[in-house]
1. Summarise the accessible area of region 86-228 (1.4 Å probe, protein heavy atoms) by the percent that is carbon and sulfur.
2. For the chain, take the longest principal axis of its alpha carbons; what is the angle in degrees between that and the long axis of helix 41-50, to the nearest 10 within 0 to 90?
3. Compute the helix-to-body angle for 344-358: its Cα long axis versus the longest principal axis of the chain, expressed 0 to 90° and rounded to tens.
4. Just to be sure I understand the model, the point goes 7 Å from the Cα along the line to the Cβ. What's the resulting LEU338 to ILE3 distance in nm?
5. Give me the distance between the Cα centres of region 47-105 and region 176-228, rounded to whole Å.
6. What is the gain in length, in nm to one decimal, between LEU348 and GLN224 on full extension, counting 0.36 nm per residue of separation less the C-alpha to C-alpha distance?
7. Just check region 25-102 against the gyration tensor rule for me: Cα atoms, a ≥ b ≥ c as the square roots of the eigenvalues, rounded for a/c under 1.5, and otherwise prolate or oblate depending on whether a/b exceeds b/c.
8. At 7 Å along the Cα-to-beta-carbon direction for both ASN76 and LYS413, put a label point, then send me their distance in nm to one decimal.
Amino acid sequence: SVIWLEVREIKVEIEKKSLVQNSTPPFRIRKLTFKDASFTDQYISRIIVLLKEITSLQELEAIDCVLEGNGKWNINEIVSSGQSFVEKVSVINIMIQNFHLFLDLEGLGSQINKLKSLTIASSRVFMVPCQLAKHFSSLLYLDFHDNLLVNNRLDETICKDAWPSLQTLNLSQNSLKSLKQTVHSVTRLPELINLDISQNNFGEIPDVCEWPKNLKYLNLSSTQIPKLTTCIPPTLEVLDVSANNLREFGLQLPFLKELYLTKNQLKTLPGAAPVPNLVAMSIRRNKLNNKYVCDSPLAVRGEQVGAVHLSLMECHRSLIVSLICVLVFLVILVLVALGYKYHAVWYLRMTWAWLQAKRKPKRVPPKDICYDAFVSYSENDSEWVEDIMVRELEQACPPFRLCLHKRDFVPGKWIVDNIIDSIEKSHKTLFVLSEHFVQSEWCKYELDFSHFRLFDENNDAAILVLLEPIQSKAIPKRFCKLRKIMNTKTYLEWPPGEEQQERFWENLKGALKS
(Lines give C-alpha, C1' and ligand atoms only; values in the text may rest on other atoms or scores of the structure.)
Protein backbone atom coordinates (compact mmCIF):
# COMPACT_ATOMS: atom_id res chain seq x y z
CA SER A 1 0.00 0.00 0.00
CA VAL A 2 3.07 2.31 0.09
CA ILE A 3 2.84 5.30 -2.27
CA TRP A 4 6.21 6.97 -1.58
CA LEU A 5 9.22 5.02 -0.36
CA GLU A 6 12.41 6.77 0.79
CA VAL A 7 15.60 4.72 1.29
CA ARG A 8 18.42 6.38 3.24
CA GLU A 9 22.10 5.78 3.91
CA ILE A 10 22.64 2.49 2.12
CA LYS A 11 25.16 1.08 -0.30
CA VAL A 12 22.97 -0.50 -2.94
CA GLU A 13 24.04 -4.03 -3.78
CA ILE A 14 21.56 -6.12 -5.74
CA GLU A 15 22.09 -9.86 -6.03
CA LYS A 16 18.47 -10.95 -6.37
CA LYS A 17 16.57 -11.39 -9.59
CA SER A 18 13.67 -9.29 -8.36
CA LEU A 19 13.20 -6.31 -6.08
CA VAL A 20 9.60 -7.29 -5.36
CA GLN A 21 9.73 -11.08 -5.21
CA ASN A 22 8.05 -11.14 -1.77
CA SER A 23 5.37 -8.56 -2.62
CA THR A 24 1.90 -9.04 -4.01
CA PRO A 25 0.76 -6.95 -6.99
CA PRO A 26 -0.86 -4.65 -7.86
CA PHE A 27 1.64 -2.12 -6.55
CA ARG A 28 0.65 1.41 -5.55
CA ILE A 29 4.11 2.92 -5.13
CA ARG A 30 4.45 6.04 -7.27
CA LYS A 31 7.69 7.59 -5.98
CA LEU A 32 11.02 6.10 -4.91
CA THR A 33 13.69 8.26 -3.24
CA PHE A 34 17.31 7.35 -2.54
CA LYS A 35 19.03 9.65 -0.04
CA ASP A 36 22.70 9.46 1.03
CA ALA A 37 23.05 6.23 -0.94
CA SER A 38 26.04 4.87 -2.88
CA PHE A 39 25.86 3.22 -6.32
CA THR A 40 28.24 1.53 -8.73
CA ASP A 41 27.81 1.35 -12.50
CA GLN A 42 26.88 -2.33 -12.20
CA TYR A 43 24.14 -1.74 -9.65
CA ILE A 44 22.76 1.26 -11.55
CA SER A 45 22.19 -1.05 -14.54
CA ARG A 46 20.55 -3.75 -12.44
CA ILE A 47 18.25 -1.40 -10.53
CA ILE A 48 17.05 0.29 -13.73
CA VAL A 49 16.07 -3.15 -15.05
CA LEU A 50 14.48 -4.40 -11.84
CA LEU A 51 12.44 -1.25 -11.22
CA LYS A 52 10.56 -1.89 -14.46
CA GLU A 53 8.68 -4.66 -12.62
CA ILE A 54 6.93 -1.96 -10.58
CA THR A 55 4.59 -0.65 -13.26
CA SER A 56 3.00 1.92 -10.94
CA LEU A 57 6.33 3.73 -10.37
CA GLN A 58 6.28 7.20 -11.95
CA GLU A 59 8.96 9.18 -10.12
CA LEU A 60 12.59 8.46 -9.21
CA GLU A 61 14.64 10.74 -6.97
CA ALA A 62 18.29 10.64 -5.82
CA ILE A 63 19.48 13.20 -3.23
CA ASP A 64 23.02 13.55 -1.86
CA CYS A 65 24.08 10.25 -3.40
CA VAL A 66 27.45 8.99 -4.66
CA LEU A 67 28.00 7.28 -8.04
CA GLU A 68 31.17 5.21 -7.97
CA GLY A 69 31.64 4.93 -11.70
CA ASN A 70 31.78 6.84 -14.97
CA GLY A 71 28.68 5.70 -16.85
CA LYS A 72 29.74 2.23 -17.98
CA TRP A 73 26.22 0.90 -17.66
CA ASN A 74 24.99 -2.31 -19.28
CA ILE A 75 23.00 -0.54 -22.01
CA ASN A 76 22.07 -3.79 -23.79
CA GLU A 77 20.53 -5.28 -20.65
CA ILE A 78 18.64 -2.05 -19.90
CA VAL A 79 17.25 -1.74 -23.43
CA SER A 80 16.31 -5.43 -23.80
CA SER A 81 14.33 -5.34 -20.51
CA GLY A 82 11.63 -3.18 -22.07
CA GLN A 83 10.20 0.32 -21.69
CA SER A 84 10.37 2.22 -18.39
CA PHE A 85 7.16 3.64 -16.85
CA VAL A 86 8.95 6.42 -14.95
CA GLU A 87 7.90 9.94 -16.04
CA LYS A 88 9.87 12.10 -13.60
CA VAL A 89 13.54 11.87 -12.56
CA SER A 90 15.25 14.17 -10.05
CA VAL A 91 18.97 14.01 -9.28
CA ILE A 92 20.12 16.56 -6.70
CA ASN A 93 23.68 16.95 -5.46
CA ILE A 94 25.01 13.68 -6.80
CA MET A 95 28.74 13.11 -6.42
CA ILE A 96 30.60 11.60 -9.40
CA GLN A 97 34.28 11.51 -8.55
CA ASN A 98 35.53 11.67 -12.15
CA PHE A 99 32.57 13.55 -13.61
CA HIS A 100 34.65 14.88 -16.53
CA LEU A 101 35.22 11.27 -17.69
CA PHE A 102 31.53 10.31 -17.57
CA LEU A 103 30.38 8.56 -20.75
CA ASP A 104 27.68 9.88 -23.10
CA LEU A 105 25.26 6.96 -22.42
CA GLU A 106 24.89 6.30 -26.13
CA GLY A 107 22.12 3.81 -26.93
CA LEU A 108 19.94 4.78 -23.96
CA GLY A 109 17.54 6.81 -26.13
CA SER A 110 14.67 4.30 -26.08
CA GLN A 111 14.55 4.51 -22.26
CA ILE A 112 14.09 8.28 -22.02
CA ASN A 113 11.65 9.14 -24.79
CA LYS A 114 8.65 8.92 -22.41
CA LEU A 115 10.20 11.05 -19.68
CA LYS A 116 8.27 14.27 -18.93
CA SER A 117 10.29 15.92 -16.16
CA LEU A 118 14.06 15.89 -15.52
CA THR A 119 15.96 17.68 -12.76
CA ILE A 120 19.75 17.41 -12.42
CA ALA A 121 20.80 20.09 -9.92
CA SER A 122 24.01 20.83 -8.01
CA SER A 123 25.71 17.93 -9.74
CA ARG A 124 28.48 19.60 -11.84
CA VAL A 125 26.76 18.88 -15.15
CA PHE A 126 28.59 20.68 -17.98
CA MET A 127 26.76 19.31 -21.04
CA VAL A 128 24.30 16.79 -22.47
CA PRO A 129 25.39 15.13 -25.73
CA CYS A 130 23.32 16.31 -28.69
CA GLN A 131 22.37 12.80 -29.81
CA LEU A 132 21.10 11.93 -26.31
CA ALA A 133 19.21 15.23 -26.00
CA LYS A 134 17.28 14.51 -29.20
CA HIS A 135 15.72 11.42 -27.58
CA PHE A 136 13.98 13.47 -24.84
CA SER A 137 11.05 13.83 -27.19
CA SER A 138 8.32 14.01 -24.51
CA LEU A 139 10.16 16.11 -21.92
CA LEU A 140 8.20 19.17 -20.74
CA TYR A 141 10.28 20.29 -17.73
CA LEU A 142 14.09 20.52 -17.52
CA ASP A 143 15.97 21.88 -14.48
CA PHE A 144 19.76 22.24 -14.69
CA HIS A 145 20.22 24.85 -11.94
CA ASP A 146 23.50 25.13 -10.03
CA ASN A 147 25.72 23.28 -12.50
CA LEU A 148 28.73 24.03 -14.73
CA LEU A 149 27.09 24.85 -18.07
CA VAL A 150 28.95 27.34 -20.24
CA ASN A 151 27.76 28.87 -23.49
CA ASN A 152 29.61 26.69 -25.98
CA ARG A 153 28.50 23.51 -24.15
CA LEU A 154 24.95 24.87 -23.91
CA ASP A 155 24.98 25.27 -27.69
CA GLU A 156 25.66 21.54 -28.01
CA THR A 157 23.21 20.61 -25.25
CA ILE A 158 20.38 22.51 -26.99
CA CYS A 159 21.24 21.51 -30.52
CA LYS A 160 18.80 21.45 -33.41
CA ASP A 161 15.85 19.06 -32.84
CA ALA A 162 16.82 18.50 -29.18
CA TRP A 163 14.15 18.75 -26.44
CA PRO A 164 11.37 19.31 -29.03
CA SER A 165 8.49 19.47 -26.50
CA LEU A 166 10.23 21.40 -23.72
CA GLN A 167 8.08 24.11 -22.06
CA THR A 168 10.04 24.99 -18.89
CA LEU A 169 13.83 25.40 -18.68
CA ASN A 170 15.86 26.36 -15.60
CA LEU A 171 19.50 27.29 -16.24
CA SER A 172 20.02 29.45 -13.16
CA GLN A 173 23.32 29.43 -11.22
CA ASN A 174 25.48 28.18 -14.07
CA SER A 175 28.53 29.67 -15.76
CA LEU A 176 26.84 31.35 -18.72
CA LYS A 177 28.57 34.59 -19.74
CA SER A 178 26.83 35.70 -22.93
CA LEU A 179 23.13 36.54 -22.99
CA LYS A 180 23.27 36.79 -26.78
CA GLN A 181 24.59 33.22 -27.16
CA THR A 182 22.16 31.94 -24.53
CA VAL A 183 19.22 33.44 -26.41
CA HIS A 184 20.52 31.96 -29.65
CA SER A 185 20.57 28.49 -28.05
CA VAL A 186 17.11 28.60 -26.47
CA THR A 187 15.60 29.86 -29.74
CA ARG A 188 15.85 26.23 -30.88
CA LEU A 189 13.14 25.32 -28.33
CA PRO A 190 9.91 26.08 -30.21
CA GLU A 191 7.52 25.20 -27.35
CA LEU A 192 9.39 27.02 -24.56
CA ILE A 193 7.11 29.07 -22.24
CA ASN A 194 9.12 29.52 -19.02
CA LEU A 195 12.84 30.36 -18.89
CA ASP A 196 14.97 30.97 -15.79
CA ILE A 197 18.53 32.14 -16.52
CA SER A 198 19.01 34.05 -13.27
CA GLN A 199 22.30 34.19 -11.34
CA ASN A 200 24.46 33.97 -14.45
CA ASN A 201 27.04 36.70 -14.97
CA PHE A 202 26.00 38.12 -18.36
CA GLY A 203 27.12 41.68 -17.77
CA GLU A 204 25.80 42.95 -21.12
CA ILE A 205 22.48 42.79 -22.92
CA PRO A 206 22.04 43.04 -26.73
CA ASP A 207 19.73 45.63 -28.28
CA VAL A 208 17.76 43.04 -30.24
CA CYS A 209 17.15 39.34 -29.54
CA GLU A 210 15.12 36.58 -31.10
CA TRP A 211 13.28 34.45 -28.54
CA PRO A 212 10.91 31.46 -28.76
CA LYS A 213 7.58 32.85 -29.92
CA ASN A 214 5.57 31.42 -26.96
CA LEU A 215 7.85 32.68 -24.17
CA LYS A 216 5.76 34.12 -21.31
CA TYR A 217 8.00 33.91 -18.20
CA LEU A 218 11.57 35.21 -18.08
CA ASN A 219 13.81 35.42 -15.00
CA LEU A 220 16.89 37.63 -15.51
CA SER A 221 17.49 38.48 -11.85
CA SER A 222 21.06 38.76 -10.56
CA THR A 223 22.62 38.67 -14.04
CA GLN A 224 24.58 41.95 -13.84
CA ILE A 225 22.84 43.52 -16.82
CA PRO A 226 23.21 47.34 -16.61
CA LYS A 227 20.01 48.28 -18.46
CA LEU A 228 16.94 46.91 -20.23
CA THR A 229 16.66 47.00 -24.01
CA THR A 230 14.22 45.77 -26.62
CA CYS A 231 16.01 42.44 -26.32
CA ILE A 232 13.33 41.65 -23.72
CA PRO A 233 10.55 39.80 -25.63
CA PRO A 234 7.20 41.67 -25.86
CA THR A 235 5.23 38.43 -25.39
CA LEU A 236 6.09 38.20 -21.66
CA GLU A 237 3.47 37.97 -18.92
CA VAL A 238 5.98 37.68 -16.04
CA LEU A 239 9.40 39.40 -15.93
CA ASP A 240 11.90 39.30 -13.07
CA VAL A 241 14.90 41.64 -13.37
CA SER A 242 15.62 42.02 -9.65
CA ALA A 243 19.13 42.71 -8.27
CA ASN A 244 20.63 44.18 -11.45
CA ASN A 245 21.42 47.81 -10.51
CA LEU A 246 18.92 49.09 -13.09
CA ARG A 247 18.32 52.86 -13.07
CA GLU A 248 15.22 53.01 -15.23
CA PHE A 249 12.45 50.91 -16.74
CA GLY A 250 10.80 52.06 -19.95
CA LEU A 251 9.93 48.91 -21.89
CA GLN A 252 6.71 48.45 -23.87
CA LEU A 253 5.31 45.12 -22.62
CA PRO A 254 1.59 45.06 -23.49
CA PHE A 255 0.90 41.57 -22.05
CA LEU A 256 2.93 41.88 -18.85
CA LYS A 257 1.01 40.99 -15.65
CA GLU A 258 3.80 40.65 -13.06
CA LEU A 259 6.97 42.75 -12.80
CA TYR A 260 9.74 42.23 -10.23
CA LEU A 261 12.20 45.12 -9.83
CA THR A 262 13.50 44.50 -6.30
CA LYS A 263 17.08 45.57 -5.35
CA ASN A 264 17.78 47.99 -8.19
CA GLN A 265 18.65 51.71 -8.39
CA LEU A 266 15.31 53.02 -9.69
CA LYS A 267 14.43 56.60 -8.67
CA THR A 268 11.03 56.66 -10.39
CA LEU A 269 8.25 54.16 -10.84
CA PRO A 270 7.69 52.63 -14.28
CA GLY A 271 5.05 54.41 -16.34
CA ALA A 272 1.61 52.85 -16.51
CA ALA A 273 1.03 53.22 -20.24
CA PRO A 274 3.79 50.80 -21.40
CA VAL A 275 2.42 48.03 -19.15
CA PRO A 276 -1.38 48.40 -19.37
CA ASN A 277 -2.18 44.89 -18.07
CA LEU A 278 0.12 44.96 -15.05
CA VAL A 279 -1.47 43.36 -11.96
CA ALA A 280 1.45 42.99 -9.51
CA MET A 281 4.75 44.85 -9.17
CA SER A 282 7.49 44.37 -6.56
CA ILE A 283 9.76 47.41 -6.22
CA ARG A 284 11.28 47.02 -2.76
CA ARG A 285 14.83 48.18 -2.00
CA ASN A 286 15.16 50.86 -4.68
CA LYS A 287 15.92 54.59 -4.43
CA LEU A 288 12.50 56.03 -5.11
CA ASN A 289 12.07 59.73 -4.19
CA ASN A 290 9.21 60.99 -2.02
CA LYS A 291 7.52 63.21 -4.59
CA TYR A 292 4.84 60.62 -5.31
CA VAL A 293 1.35 61.26 -3.98
CA CYS A 294 -1.29 58.72 -3.00
CA ASP A 295 -4.28 57.98 -5.19
CA SER A 296 -6.01 55.59 -2.77
CA PRO A 297 -7.45 55.04 -0.23
CA LEU A 298 -9.59 58.17 -0.45
CA ALA A 299 -8.67 59.31 3.07
CA VAL A 300 -5.05 59.96 2.04
CA ARG A 301 -5.52 60.91 -1.62
CA GLY A 302 -3.13 63.69 -2.60
CA GLU A 303 -0.72 63.21 0.32
CA GLN A 304 2.92 62.32 -0.23
CA VAL A 305 3.66 58.60 -0.09
CA GLY A 306 6.53 59.06 2.35
CA ALA A 307 4.30 60.86 4.85
CA VAL A 308 1.51 58.29 4.87
CA HIS A 309 1.49 55.42 7.35
CA LEU A 310 -1.44 53.13 6.69
CA SER A 311 -2.80 50.81 9.34
CA LEU A 312 -2.70 47.04 9.06
CA MET A 313 -6.42 47.04 8.32
CA GLU A 314 -6.01 49.41 5.38
CA CYS A 315 -3.08 47.51 3.89
CA HIS A 316 -4.40 44.00 4.39
CA ARG A 317 -8.16 44.39 4.49
CA SER A 318 -8.97 41.01 3.01
CA LEU A 319 -6.58 39.28 5.42
CA ILE A 320 -8.07 41.11 8.43
CA VAL A 321 -11.62 40.30 7.31
CA SER A 322 -10.64 36.65 6.91
CA LEU A 323 -9.10 36.60 10.38
CA ILE A 324 -12.21 38.23 11.88
CA CYS A 325 -14.43 35.64 10.18
CA VAL A 326 -12.26 32.82 11.53
CA LEU A 327 -12.32 34.39 15.01
CA VAL A 328 -16.11 34.78 14.94
CA PHE A 329 -16.46 31.19 13.81
CA LEU A 330 -14.22 30.00 16.66
CA VAL A 331 -16.19 32.08 19.19
CA ILE A 332 -19.46 30.59 17.92
CA LEU A 333 -17.90 27.12 18.10
CA VAL A 334 -16.80 27.71 21.71
CA LEU A 335 -20.25 29.05 22.66
CA VAL A 336 -21.93 26.03 21.09
CA ALA A 337 -19.56 23.71 22.97
CA LEU A 338 -20.18 25.52 26.26
CA GLY A 339 -23.90 25.56 25.62
CA TYR A 340 -23.86 21.82 25.02
CA LYS A 341 -21.76 21.15 28.12
CA TYR A 342 -23.88 23.31 30.42
CA HIS A 343 -27.26 22.42 28.86
CA ALA A 344 -28.00 25.90 27.53
CA VAL A 345 -30.47 24.53 24.99
CA TRP A 346 -32.36 22.80 27.77
CA TYR A 347 -32.60 26.06 29.74
CA LEU A 348 -33.86 27.96 26.69
CA ARG A 349 -36.51 25.35 25.96
CA MET A 350 -37.66 25.26 29.57
CA THR A 351 -37.77 29.05 29.77
CA TRP A 352 -39.86 29.27 26.63
CA ALA A 353 -42.27 26.64 27.92
CA TRP A 354 -42.50 28.47 31.25
CA LEU A 355 -43.24 31.78 29.51
CA GLN A 356 -45.93 30.10 27.46
CA ALA A 357 -47.45 28.60 30.61
CA LYS A 358 -47.29 31.94 32.48
CA ARG A 359 -49.58 33.50 29.88
CA LYS A 360 -52.32 31.03 30.70
CA PRO A 361 -54.79 31.55 33.62
CA LYS A 362 -53.30 30.92 37.06
CA ARG A 363 -55.84 28.29 38.00
CA VAL A 364 -57.93 25.97 35.88
CA PRO A 365 -61.67 25.93 36.70
CA PRO A 366 -62.65 22.87 38.80
CA LYS A 367 -64.85 21.62 35.99
CA ASP A 368 -61.75 21.22 33.77
CA ILE A 369 -59.90 18.98 36.27
CA CYS A 370 -59.84 15.52 34.66
CA TYR A 371 -57.24 13.65 36.75
CA ASP A 372 -56.35 13.22 40.38
CA ALA A 373 -52.62 13.19 39.51
CA PHE A 374 -50.18 13.51 36.64
CA VAL A 375 -47.37 10.95 37.08
CA SER A 376 -43.79 11.90 36.11
CA TYR A 377 -41.42 8.91 36.11
CA SER A 378 -38.44 7.33 34.40
CA GLU A 379 -38.93 4.71 31.73
CA ASN A 380 -36.70 2.39 33.77
CA ASP A 381 -39.24 2.55 36.60
CA SER A 382 -42.25 1.93 34.37
CA GLU A 383 -42.73 -1.64 35.65
CA TRP A 384 -43.30 -0.43 39.24
CA VAL A 385 -45.42 2.54 38.15
CA GLU A 386 -47.64 0.75 35.64
CA ASP A 387 -47.92 -2.71 37.23
CA ILE A 388 -47.98 -1.83 40.93
CA MET A 389 -48.88 1.81 41.61
CA VAL A 390 -51.45 2.25 38.83
CA ARG A 391 -53.21 -1.01 39.77
CA GLU A 392 -53.28 -0.07 43.45
CA LEU A 393 -54.63 3.44 42.91
CA GLU A 394 -56.96 2.97 39.94
CA GLN A 395 -58.59 -0.13 41.53
CA ALA A 396 -59.10 1.54 44.88
CA CYS A 397 -62.53 2.50 46.25
CA PRO A 398 -63.16 5.09 45.08
CA PRO A 399 -60.64 4.77 42.19
CA PHE A 400 -58.09 7.49 41.45
CA ARG A 401 -57.75 8.85 37.93
CA LEU A 402 -54.07 8.97 36.92
CA CYS A 403 -52.54 10.66 33.83
CA LEU A 404 -49.70 8.67 32.24
CA HIS A 405 -47.81 10.00 29.24
CA LYS A 406 -47.82 6.60 27.51
CA ARG A 407 -51.55 6.21 27.79
CA ASP A 408 -53.16 9.63 28.03
CA PHE A 409 -51.14 12.03 25.88
CA VAL A 410 -52.89 13.15 22.68
CA PRO A 411 -51.12 11.60 19.65
CA GLY A 412 -49.62 14.15 17.25
CA LYS A 413 -49.71 16.97 19.80
CA TRP A 414 -46.46 18.71 20.73
CA ILE A 415 -44.97 17.06 23.83
CA VAL A 416 -44.71 20.38 25.69
CA ASP A 417 -48.39 21.14 25.16
CA ASN A 418 -49.30 17.62 26.24
CA ILE A 419 -47.32 17.99 29.47
CA ILE A 420 -48.63 21.45 30.36
CA ASP A 421 -52.23 20.52 29.57
CA SER A 422 -51.98 17.31 31.60
CA ILE A 423 -50.55 19.15 34.63
CA GLU A 424 -53.22 21.83 34.45
CA LYS A 425 -55.97 19.21 34.23
CA SER A 426 -54.56 17.25 37.19
CA HIS A 427 -55.22 17.96 40.90
CA LYS A 428 -51.69 16.86 41.85
CA THR A 429 -48.40 16.01 40.18
CA LEU A 430 -46.73 12.84 41.44
CA PHE A 431 -42.97 12.45 40.96
CA VAL A 432 -41.58 8.91 41.16
CA LEU A 433 -37.93 9.58 41.98
CA SER A 434 -35.04 7.12 41.68
CA GLU A 435 -31.46 6.91 40.53
CA HIS A 436 -32.82 6.13 37.07
CA PHE A 437 -34.89 9.29 37.13
CA VAL A 438 -31.80 11.39 37.94
CA GLN A 439 -29.37 9.67 35.58
CA SER A 440 -31.64 9.56 32.54
CA GLU A 441 -31.33 13.31 31.92
CA TRP A 442 -34.49 13.62 33.97
CA CYS A 443 -36.77 11.68 31.68
CA LYS A 444 -35.36 13.12 28.48
CA TYR A 445 -36.00 16.70 29.66
CA GLU A 446 -39.55 16.89 28.23
CA LEU A 447 -41.39 15.61 31.30
CA ASP A 448 -39.64 18.23 33.44
CA PHE A 449 -41.46 21.11 31.81
CA SER A 450 -43.91 20.43 34.59
CA HIS A 451 -41.47 21.81 37.20
CA PHE A 452 -41.79 25.43 36.16
CA ARG A 453 -45.54 25.91 36.38
CA LEU A 454 -45.99 23.52 39.25
CA PHE A 455 -43.40 24.99 41.59
CA ASP A 456 -44.08 28.56 40.51
CA GLU A 457 -47.72 28.41 41.57
CA ASN A 458 -48.23 25.92 44.36
CA ASN A 459 -45.60 23.76 46.02
CA ASP A 460 -48.33 21.75 47.81
CA ALA A 461 -49.42 20.26 44.49
CA ALA A 462 -46.24 18.17 44.31
CA ILE A 463 -46.08 14.67 45.76
CA LEU A 464 -42.63 13.10 45.88
CA VAL A 465 -42.29 9.32 45.98
CA LEU A 466 -38.82 7.83 46.45
CA LEU A 467 -38.49 4.29 45.13
CA GLU A 468 -34.97 4.10 46.57
CA PRO A 469 -32.78 6.33 48.74
CA ILE A 470 -31.46 9.29 46.75
CA GLN A 471 -29.33 12.20 47.91
CA SER A 472 -30.45 15.68 46.96
CA LYS A 473 -26.82 16.39 45.98
CA ALA A 474 -27.17 13.84 43.19
CA ILE A 475 -29.87 15.92 41.52
CA PRO A 476 -28.47 18.13 38.71
CA LYS A 477 -28.02 21.77 39.68
CA ARG A 478 -30.35 23.00 36.94
CA PHE A 479 -33.30 21.57 38.97
CA CYS A 480 -32.64 23.93 41.84
CA LYS A 481 -36.33 24.20 42.84
CA LEU A 482 -36.70 20.43 43.06
CA ARG A 483 -33.52 20.22 45.14
CA LYS A 484 -34.95 22.86 47.46
CA ILE A 485 -38.27 21.05 47.83
CA MET A 486 -36.53 17.76 48.64
CA ASN A 487 -34.70 19.57 51.44
CA THR A 488 -37.84 21.24 52.83
CA LYS A 489 -40.82 19.03 51.94
CA THR A 490 -41.82 15.65 53.36
CA TYR A 491 -41.81 12.85 50.83
CA LEU A 492 -42.93 9.22 50.75
CA GLU A 493 -40.43 6.36 50.57
CA TRP A 494 -41.31 2.98 49.12
CA PRO A 495 -40.64 0.44 51.90
CA PRO A 496 -39.41 -3.11 51.36
CA GLY A 497 -41.77 -4.83 53.82
CA GLU A 498 -45.41 -5.67 53.00
CA GLU A 499 -46.77 -4.27 56.31
CA GLN A 500 -45.03 -0.97 55.72
CA GLN A 501 -46.25 -0.94 52.11
CA GLU A 502 -49.87 -0.92 53.36
CA ARG A 503 -49.15 2.26 55.35
CA PHE A 504 -47.35 3.70 52.27
CA TRP A 505 -50.47 3.27 50.12
CA GLU A 506 -52.68 4.82 52.81
CA ASN A 507 -50.37 7.85 53.05
CA LEU A 508 -50.19 8.23 49.25
CA LYS A 509 -53.97 8.04 48.89
CA GLY A 510 -54.35 10.59 51.65
CA ALA A 511 -51.94 12.96 49.93
CA LEU A 512 -53.81 12.63 46.66
CA LYS A 513 -57.14 13.45 48.35
CA SER A 514 -55.82 16.51 50.18
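The values are calculated or read from the model by the stated rules, or taken from the named source; none is laboratory data. On a predicted model such as this, the values are computed, not experimentally measured, just so you know. So basically every Cβ, Gly included, is an ideal-geometry build from the backbone, and we count neighbours across all protein chains shown. To get the accessible areas, we keep the full protein, side chains included, count just its heavy atoms, and leave off ligands, DNA and RNA. Shrake-Rupley method; radii C 1.70, N 1.55, O 1.52, S 1.80 Å.
1. On the way: 3230 of 6550 Å².
Carbon plus sulfur share of accessible area: 49 percent.
2. Taking Cα atoms only, the helix is inclined about 50 degrees.
3. For helix 344-358, the angle is close to 40 degrees.
4. 4.0 nm
5. Centre-to-centre distance over Cα atoms comes out at 31 Å.
6. Details: separation 124, 0.36 × 124 = 44.64 nm, distance 7.25 nm.
Net length gain for the segment: 37.4 nm.
7. oblate
8. About 9.9 nm, to one decimal.
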